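Worksheet for the structure shown next.
The values are calculated or read from the model by the stated rules, or taken from the named source; none is laboratory data. Here the structure is a predicted model, which means the values were calculated and not measured. FYI the Cβ positions are ideal-geometry reconstructions off the backbone, even for glycines, and counts take in every protein chain you see. Calculation scope for accessible area: heavy atoms of the full protein, side chains included, ligands and nucleic acids excluded. Shrake-Rupley method; radii C 1.70, N 1.55, O 1.52, S 1.80 Å.
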Amino acid sequence: MNASTFWAYSLWRAPEGADLLHSIPFNDEYIQCAGTAGAMAIEVRCVDPDGTAHQYAVGKPGGDHTGDPTEEIHWDEGRHSVFVHPNEVFTADEAAVIFYTYFLTDKVSQPYTLRELDMSWPKPDTEEP
């Protein structure tokens, strides 16, 4: 992952019986990452039984989330970025372990932490015209 020609990876479970040679159906639950092999952010999306979706930033244990996120992760040749906390920055090797466990269990395992993201639109600090 170089943040220019290849900057993201997503993983989700296809529905039972899906014909993956015909099309790749999307799933409402997934894990994704963006950035570079040296610094990337990981997010996971889960849906409650009542249909409520939650998006989380994945982090290493022990992070301090009292202030705003300070680490900026860039991708798509710098056209996009996200701010995360220092404990939410991963290398490709670290991410591989998280993605492999998600592949096996559909969950982010311990000791990793989840910080819920506000996905409402418009963003709370943006004024509408």
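Return the residues of the stretch 1-23 that are surrounded by 11 or more Cβ atoms within 10 Å (Cβ to Cβ) and aliphatic (A, V, I, L, M); say none if nothing qualifies.
Within the stretch 1-23, M1, A3, A8, L11, A14, A18 qualify.
I want to confirm something. Restricting to the stretch 24-56 and keeping residues that are among the acidic types (D, E) and in contact (Cβ under 8 Å) with a residue 40 or more places away in the chain, which single residue is surrounded by the fewest Cβ atoms within 10 Å (Cβ to Cβ)?
Among them, the one singled out is E29.
Can you tell me which residue is least open to solvent (accessible area, probe 1.4 Å) among those in the stretch 73-99 that are out of contact with any Lys or Arg (no Cβ under 8 Å at 6 or more places or on another chain) and more than 16 Å from M1 (Cβ to Cβ)?
Within the stretch 73-99, the match that is least open to solvent (accessible area, probe 1.4 Å) is P86.
Checking W12 against (1) in contact with a Gly (Cβ under 9 Å, 6 or more places away or on another chain); (2) among the aromatic types (F, W, Y); (3) without any contact (Cβ under 8 Å) to a residue 24 or more places away in the chain, which single condition isn't satisfied?
Evaluating W12 over (1) in contact with a Gly (Cβ under 9 Å, 6 or more places away or on another chain); (2) among the aromatic types (F, W, Y); (3) without any contact (Cβ under 8 Å) to a residue 24 or more places away in the chain leaves (1) as the failure.
Consider the stretch 73-86. How many of its residues are over 14 Å from the mean Cα position of the chain (by Cα) and modelled with pLDDT of 95 or more?
Of the residues in that region, 1 qualify.
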